[in-house]
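Please treat every number below as a calculation from the coordinates, not as lab data. Predicted model, so just to flag it, every value in this text is computed and none were measured. Backbone-built Cβ (ideal geometry, glycine too); neighbour counts: all protein chains shown.
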Amino acid sequence: QVQLVESGGGLVQAGGSLRLSCVASGSIFSFNTMGWYRQAPGKQRELVAAITTGGRTTYTDSVKGRFTISRDSAKLSVYLQMSNLKPEDTAVYYCNGVRSTGSSYWGRGTQVTVSS
């Protein structure tokens, strides 16, 4: 059974930084795409950033220039370096992995709170 486990969330002041980590376990097969989504209270879950096995990255406009996604395919891990955090970045951040079969897996989420 595949499990994705996030870590690194917390409370930080505006302008600060956090680094989220996600480690997959339970399978030796890597993910074609790994990414981070977030969901703020009362809002829909949205894609924050994603990265393919080839290293191609995608970012939502609001985080471009502030967030950096990276992955270690050998370790089935993905990371999100977040800098210059803003109160509007406050949300639960979820790790996602998608296999070549189309199967999608989610972590349970980690809370990021940015105080003004």
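Data for the structure
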| quantity | calculated |
| --- | --- |
| Total charge dipole magnitude, the chain, about the Cα centre, Cβ charges on Lys, Arg, Asp, Glu only, Debye to nearest 20 | 100 debye |
| Chain lengthening between TRP106 and THR68 when straightened (0.36 nm per residue, less Cα-Cα) | 11.7 nm |
| Selection from ALA14, SER115, SER77 lying farthest towards where the dipole of the chain points positive, charges on Cβ | SER77 |
| Residue-span extension gain [VAL98 to LYS86] - 0.36 nm each, minus C-alpha spacing | 1.5 nm |
| Computed magnitude of the charge dipole of segment 70-116 (debye, nearest 20; Cβ of K, R +1, Cβ of D, E -1) | 200 debye |
| Burial order of peptide ranges 91-100, 36-45, 2-11, 74-83 (average beta-carbon count within 10 Å, highest first) | 91-100, 74-83, 2-11, 36-45 |
